[in-house]
Amino acid sequence: MDIMAVTKDRSKEEILELIEKRGIKILGENKLQEIEKKYDQKLFLELRKSGAELHFIGHLQKNKVKKVVRLCQCIQSVDSLKLGKLIAKEAEMQKKQMPIFLQVNLSGESRKYGFLEEGLWTAFEELRSLPQLTIRGLMTIGKEKDSGKTREFFRRCKELTRKLGVPECSMGMSDDYQIALEEGSTMLRLGRIFFELRKE
């Protein structure tokens, strides 16, 4: 089981400490602007030296795909077939193999991003056929302030990873990571609580 340190609103110095002193191997950012602001040549060098990965975990706008493919080692928030194909095209241009996660929207809420379950298999098969992409797994988000629904979504996401035959199931954040652990998450995305625990 892997732990991602979500470094939203964290300083470059804090990120360096995570890599150099805490041994963190996966960092997550959800905005390209934050990556461009904090991740300079020195920080990327530290990532390479330590073997750490920078994952993009936010909604990815199509006009930002080129930079995100160049800067990140994985994109966890592929939420449409069109976006996946665009990432593959850009990866080919950059001569890069791009690991991705497919984001699934298990609540069916229109305001949330992600593949609906009924369209997931078709999208998975099509994206899996693109040689520039490696589908590492699925990613989902729980329902805020509803532990029962969150558990239902996490359990279903784990079932879908098994059916699709992918190894990773990225689910669980600061407020629901315990449920995610119980339901078989292989990667927690921890921000606030990670830094709170680090201070204790």
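Count of segment 56-76 residues, restricted to those that are open to solvent by 10 Å² or more (accessible area, probe 1.4 Å) and among the aliphatic types (A, V, I, L, M), is 2.
In segment 88-114, the residues that are without any contact (Cβ under 8 Å) to a residue 12 or more places away in the chain never reach a residue that is of a type outside the set (S, T, N, Q) and open to solvent by less than 40 Å² (accessible area, probe 1.4 Å) with C-beta atoms less than 6 angstrom apart, at least six apart or across chains. Restricting attention to segment 168-185, the residues that are assigned to a loop (DSSP other than H, G, I, E, B) and either open to solvent by less than 30 Å² (accessible area, probe 1.4 Å) or in contact with a Ser or Thr (Cβ under 7 Å, 6 or more places away or on another chain) (or both) add up to 7.
Test GLU53 against the criterion of being surrounded by 12 or more Cβ atoms within 10 Å (Cβ to Cβ), closer than 24 Å to MET171 by Cα and of a type outside the set (Lys, Arg), and give yes or no.
Numbers: surrounded by 12 or more Cβ atoms within 10 Å (Cβ to Cβ): yes; closer than 24 Å to MET171 by Cα: yes; of a type outside the set (Lys, Arg): yes.
Considered against the rule, which asks whether it is surrounded by 12 or more Cβ atoms within 10 Å (Cβ to Cβ), closer than 24 Å to MET171 by Cα and of a type outside the set (Lys, Arg), GLU53 comes out as yes.
If we keep just the residues of segment 18-50 that are of a type in the set (Lys, Arg) and without any contact (Cβ under 8 Å) to a residue 40 or more places away in the chain, which is surrounded by the most Cβ atoms within 10 Å (Cβ to Cβ)? Here the answer is LYS38.
Mind listing whichever residues of segment 1-50 are more than 19 Å from MET173 (Cα to Cα) and of a type in the set (A, V, I, L, M, F, W, C)? Answer for segment 1-50, where residues must be more than 19 Å from MET173 (Cα to Cα) and of a type in the set (A, V, I, L, M, F, W, C): LEU16, ILE19, LEU32, ILE35, LEU43, PHE44, LEU45, LEU47. For first residues located in segment 148-159 and closer than 18 Å to GLY137 by Cα, partners that are of a type in the set (Asp, Glu) and lie 6+ apart or on another chain with Cβ distances below 7 Å form the pairs PHE154/GLU183; ARG155/GLU183; LYS158/GLU183. Scan segment 121-159 for residues that are in a helix (DSSP H, G or I) and either among the small types (Gly, Ala, Ser) or in contact with a strand residue (DSSP E or B) (Cβ under 6 Å, 6 or more places away or on another chain) (or both) and report the count. Final tally of qualifying residues: 7. For LYS163, the conditions (1) open to solvent by 70 Å² or more (accessible area, probe 1.4 Å); (2) not in a helix (DSSP H, G or I) all hold with the exception of (2). For GLY108, the conditions (1) closer than 20 Å to LYS163 by Cβ; (2) modelled with pLDDT of 95 or more all hold with the exception of (2).
The values are calculated or read from the model by the stated rules, or taken from the named source; none is laboratory data. Since the model is a prediction, treat every value here as computed from it, not as a measurement. FYI the Cβ positions are ideal-geometry reconstructions off the backbone, even for glycines, and counts take in every protein chain you see. Note: accessible area is taken over every heavy atom of the protein model, side chains too, but ligands, DNA and RNA are not part of it. Shrake-Rupley method; radii C 1.70, N 1.55, O 1.52, S 1.80 Å.
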